[in-house]
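These notes concern the structure reproduced below.
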Amino acid sequence: MSDNDIAVKVKPATKPKIERPKLYKVILVNDDYTPREFVVVVLKAVFRMSEDMCYRVMITAHQKGSCVVCVYVRDIAETKAREGTELGKKAGFPLMFTTEPEE
Ligand code: TYC
């Protein structure tokens with residue numbers, strides 16, 4: 001190759017790898033002090049589910065100890081869990097939401 005030649009390198013075609021973001025469960029944890037109606041109010045405010053769905057989630061946590069409320073990407077799951085827990089704390093209740101990665 002002389003100085004005037006132009007070398008052209010052809011890049012092999014690469015498939016763009018788009019990974020699905022990992023999902024996290026938001027879990028409602030039962031306690032003995034938070035009133036049931038208050039749990040429903042918090043679920044409605046934070047997760048925007050119907051009254052009926054909120055009641056079902058609350059009663060499942062009450063009976064089984066915990067209940068998965070919904071599944072989101074990490075950022076949103078953690079924000080929602082914090083918002084729900086803070087609403088309980090502000091009202092003087094030990095209401096707790098946690099997050100955990102989905103398998
Ligand atoms: N166990 C509470 C009661 O009997 C109600 C409750 C339900 C609290 C679900 C928290 O995540 C919870 N007042």
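The values are calculated or read from the model by the stated rules, or taken from the named source; none is laboratory data. Just so it is clear, the structure is predicted and the values come from calculations on it, not from any experiment. When we count neighbours, we look across all protein chains shown, and the Cβ atoms used for this are built from the backbone with ideal geometry, even at glycine.
Contact map, region 11-40: residues that are under 15 Å from Glu86 (Cα atoms) paired with residues that are within 9 Å of the ligand (Cβ to nearest atom) and part of a strand (DSSP E or B), Cβ distance under 6 Å, separation 6+ or inter-chain. Pairs shown: Val26/Phe97; Ile27/Ser66; Leu28/Cys67; Leu28/Phe97; Val29/Ser66; Val29/Met96.
Residue-wise test of (1) in contact with a helix residue (DSSP H, G or I) (Cβ under 9 Å, 6 or more places away or on another chain); (2) at pLDDT below 95.
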residue	(1), (2)
Asp3	no, yes
Val8	no, yes
Val26	yes, no
Tyr55	yes, no
Met58	yes, no
Asp75	no, no
